[in-house]
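Asker: What follows is a single structure, and I will ask about it in a moment.
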Amino acid sequence: MNELDVVTLIVRHRVKAGQEAAYEQWLRRTTRIASTYPGHLGVNVMRDTERFVCVLRFVGTRELQCWLDSSERRHLIDEVTPLLVEGDQTETETSHEFWFTPSSAPQPPRWKQACITFLVILPLSLLVPLLWQPVFARLPWLGGYVPSNVVITLSIVVMVVYLFMPKVTRLFSAWLNAR
């Protein structure tokens with residue numbers, strides 16, 4: 001998979017007052033179902049009062065389109081529509097992935113983004129070189145200054161983007177989005 005192929009679906013829902021619990025139950029079921037579709041990479045949900053923004057990532061446009069065109073999704077949208085102030089608001093972004101929030105949504109302050117990024121990268125920058133050390137010892141050509149730094153940096157970037165940042169931003173979403 002090439003990072004340039006990743007496609008992001010941004011879904012915005014404004015929930016009617018008093019319907020938040022029903023919506024959250026629907027959302028949990030929907031994200032579970034979406035995760036079973038081929039090419040699904042993950043979902044982040046951000047909430048502020050009555051508005052929910054869901055960011056779903058797929059490995060490519062074809063995989064996203066399978067989810068969008070599915071009868072399951074159509075049924076789920078029909079089911080949730082009575083809970084919404086406005087209908088299902090979606091947009092697709094193919095240029096890059098989002099760590100925090102889509103550019104059209106309110107961004108957390110940069111200092112909070114920096115704190116979360118530091119929290120994720122610091123332990124990895126201390127641990128990853130140690131984990132690669134046995135490989136570098138066996139393959140001296142890979143243990144040179146430039147090759148080892150390329151391998152270590154690539155490992156950290158991949159883990160940050162695909163593993164840790166989505167989970168950590170979800171974990172700290174209340175703090176990141178607090179006004």
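The values are calculated or read from the model by the stated rules, or taken from the named source; none is laboratory data. Quantities reported herein were computed from a predicted structural model and do not represent experimental measurements. Quick reminder, even Gly has a Cβ in these numbers, built from the backbone with ideal geometry, and neighbours come from all protein chains shown. These accessible areas exclude ligands, DNA and RNA; they are computed on the full protein's heavy atoms, side chains included. Shrake-Rupley method; radii C 1.70, N 1.55, O 1.52, S 1.80 Å.
Asker: Mind listing whichever residues of segment 1-31 are over 23 Å from residue 93 (Cβ atoms) and not aliphatic (A, V, I, L, M)?
Answerer: Of everything in segment 1-31, those that are over 23 Å from residue 93 (Cβ atoms) and not aliphatic (A, V, I, L, M) turn out to be 16, 18, 19, 20, 23, 24, 25, 26, 28, 29.
Asker: Let me ask another. Looking for whichever is within 29 Å of residue 174 (Cβ to Cβ), at pLDDT below 90 and more than 23 Å from the chain's Cα centre (by Cα) here; the options are 86, 50, 93. Which one fits?
Answerer: 86
Asker: Quick one: what pairs do we get from segment 149-170, first residue in contact (Cβ under 8 Å) with a residue 12 or more places away in the chain and aliphatic (A, V, I, L, M), second in a helix (DSSP H, G or I) and open to solvent by 80 Å² or more (accessible area, probe 1.4 Å), C-beta under 7 Å, 6+ apart or different chains?
Answerer: Every condition considered, the pairs that remain are 168/119.
Asker: State all residues of segment 1-44 that are in a helix (DSSP H, G or I), more than 16 Å from the chain's Cα centre (by Cα) and β-branched (Val, Ile, Thr); if no residue qualifies, say none.
Answerer: Within segment 1-44, just 33 meets the criteria.
Asker: Another question, if that's okay. Being open to solvent by 40 Å² or more (accessible area, probe 1.4 Å) and assigned to a strand (DSSP E or B) is the filter; apply it to segment 45-60 and report the residue that is farthest from residue 75 (Cα to Cα).
Answerer: Out of the qualifying residues, it is 48.
Asker: Still on this model: Of the residues 168, 120, 135, 158, which is within 24 Å of residue 41 (Cβ to Cβ), at pLDDT 90 or above and open to solvent by less than 80 Å² (accessible area, probe 1.4 Å)?
Answerer: Residue meeting the stated conditions: 120.
Asker: Return the pairs, sorted by first residue and then second, in which the second residue is among the aromatic types (Phe, Trp, Tyr), the first residue lies in segment 57-69 and is farther than 11 Å from residue 92 by Cα, the beta carbons are less than 6 Å apart, and the residues are 6+ apart or on different chains.
Answerer: Correct list of pairs: 67/37.
Asker: Regarding residue 140, is this residue part of a helix (DSSP H, G or I) and either within 30 Å of residue 28 (Cβ to Cβ) or more than 15 Å from the chain's Cα centre (by Cα) (or both)?
Answerer: No, not satisfied.
Asker: When both residues are 6+ apart or on different chains and their Cβ atoms are under 6 Å apart, which pairs have a first residue that lies in segment 82-94 and is under 21 Å from residue 41 (Cα atoms), and a second that is in a strand (DSSP E or B) and among the aromatic types (Phe, Trp, Tyr)?
Answerer: The qualifying pairs do not exist here.
Asker: Let me ask something else about it. Can you name the residue in segment 106-115 that is out of contact with any helix residue (DSSP H, G or I) (no Cβ under 6 Å at 6 or more places or on another chain) and not basic (Lys, Arg) and, of all such residues, is least open to solvent (accessible area, probe 1.4 Å)?
Answerer: The residue in question is 113.
Asker: Filter segment 1-46 down to the residues that are among the hydrophobic types (A, V, I, L, M, F, W, C) and free of Cβ contacts under 8 Å to residues at least 60 places away in the same chain and list them by number.
Answerer: 1, 4, 17, 21, 26, 27, 33, 34, 43 - these are the residues of segment 1-46 that are among the hydrophobic types (A, V, I, L, M, F, W, C) and free of Cβ contacts under 8 Å to residues at least 60 places away in the same chain.
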